[in-house]
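Written out below as structure tokens is the structure these notes cover.
The values are calculated or read from the model by the stated rules, or taken from the named source; none is laboratory data. Not measured: the values here are computed from a predicted model. Neighbour counts run over all protein chains shown; Cβ positions are idealised from the backbone, glycine included.
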Amino acid sequence: MNLYDATVPIFSKHLKAVNQWLDKATAFAESKKFDVETLLQARLAPDQHPLVRQIQAACDQAKYAVAYLSGKPAPSHPDTEKTVAEARARIKTMVDHLATFTREDFNGAEERACKPSWLPAPMRGGDYLDHLALPNFHFHLTTAYSILRHNGVDLGKQDYITELPFQKA
């Protein structure tokens, strides 16, 4: 399997799902008569990042994973989002960026050395994806989902999983 298949479509699908979660959060806030922006600062624990930072981190994880695996530079995205509209724009920017990658960009990615600046040593691309990038991406997504769910937004497992790629008969 080309690592494109395990990154670009997966990251894109799940980041688009976050937009759907924000739709539900907005509807929930309207129904309860509170400002939806309040949810962006919600967190599960005092020592954990708020929702907006979880969204930023998920976007960053996707961005850096495709950069390291493809050997292309990652664009800079300062973490300045303060509104739902700005969080949506960040997600759109990331999904649009992911759409610029092709399967060919990931040729050799399985063995490519990946070394985020904070790691003490490089990792093989396949190991980086399996042991760091995907778990970290899903950690931030799950935390964002859990923050919204904890605050009463009507989300279920299918909102997280989204559409499935069923085979055609």
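The residues of the range 1-28 that are touching a helix residue (DSSP H, G or I) at 6+ places or on another chain (Cβ under 7 Å) and either of a type in the set (Val, Ile, Thr) or farther than 30 Å from GLY108 by Cα (or both), listed by number, are THR7, VAL8, VAL18, ASN19, GLN20, TRP21, LEU22, ALA25, THR26.
Checked across the range 77-86, the condition of being surrounded by 15 or more Cβ atoms within 10 Å (Cβ to Cβ) and assigned to a loop (DSSP other than H, G, I, E, B) holds for at least one residue.
Scanning the range 71-107 for residues that are over 24 Å from THR143 (Cα atoms) and in contact (Cβ under 8 Å) with a residue 12 or more places away in the chain gives GLY71, LYS72, PRO75, ALA99, PHE101, THR102, ARG103, ASP105, PHE106, ASN107. Being within 30 Å of LYS33 (Cα to Cα), touching a residue at least 24 places away in the same chain (Cβ under 8 Å) and within 17 Å of the chain's Cα centre (by Cα) is true for just one of TYR68, TYR64, TYR128, TYR160. Which residue is that? Result of the check over TYR68, TYR64, TYR128, TYR160: TYR160. Residues that are of a type outside the set (A, V, I, L, M, F, W, C), assigned to a helix (DSSP H, G or I) and more than 17 Å from the chain's Cα centre (by Cα) within the range 1-50 comprise LYS24, THR26, GLU30, SER31, LYS32, GLU37, THR38, listed in sequence order. Evaluate the range 113-133: report whether one residue or more is of a type outside the set (S, T, N, Q), closer than 30 Å to LYS24 by Cα, surrounded by fewer than 19 Cβ atoms within 10 Å (Cβ to Cβ) and at pLDDT 95 or above. Yes, because at least one residue in the range 113-133 is of a type outside the set (S, T, N, Q), closer than 30 Å to LYS24 by Cα, surrounded by fewer than 19 Cβ atoms within 10 Å (Cβ to Cβ) and at pLDDT 95 or above. Within the range 11-39, track down each residue that is under 17 Å from LYS63 (Cα atoms) and in contact with a Gly (Cβ under 8 Å, 6 or more places away or on another chain). Those that are under 17 Å from LYS63 (Cα atoms) and in contact with a Gly (Cβ under 8 Å, 6 or more places away or on another chain): none in the range 11-39.
Evaluating HIS77 against the criteria (1) out of contact with any Gly (no Cβ under 9 Å at 6 or more places or on another chain); (2) at pLDDT 95 or above; (3) of a type outside the set (A, V, I, L, M) leaves one unmet condition, (2).
If you check ALA67, ALA6, ALA45, ALA74 for being more than 21 Å from LEU132 (Cα to Cα) and either of a type in the set (Gly, Ala, Ser) or touching a Lys or Arg at 6+ places or on another chain (Cβ under 8 Å) (or both), only one passes: ALA45.
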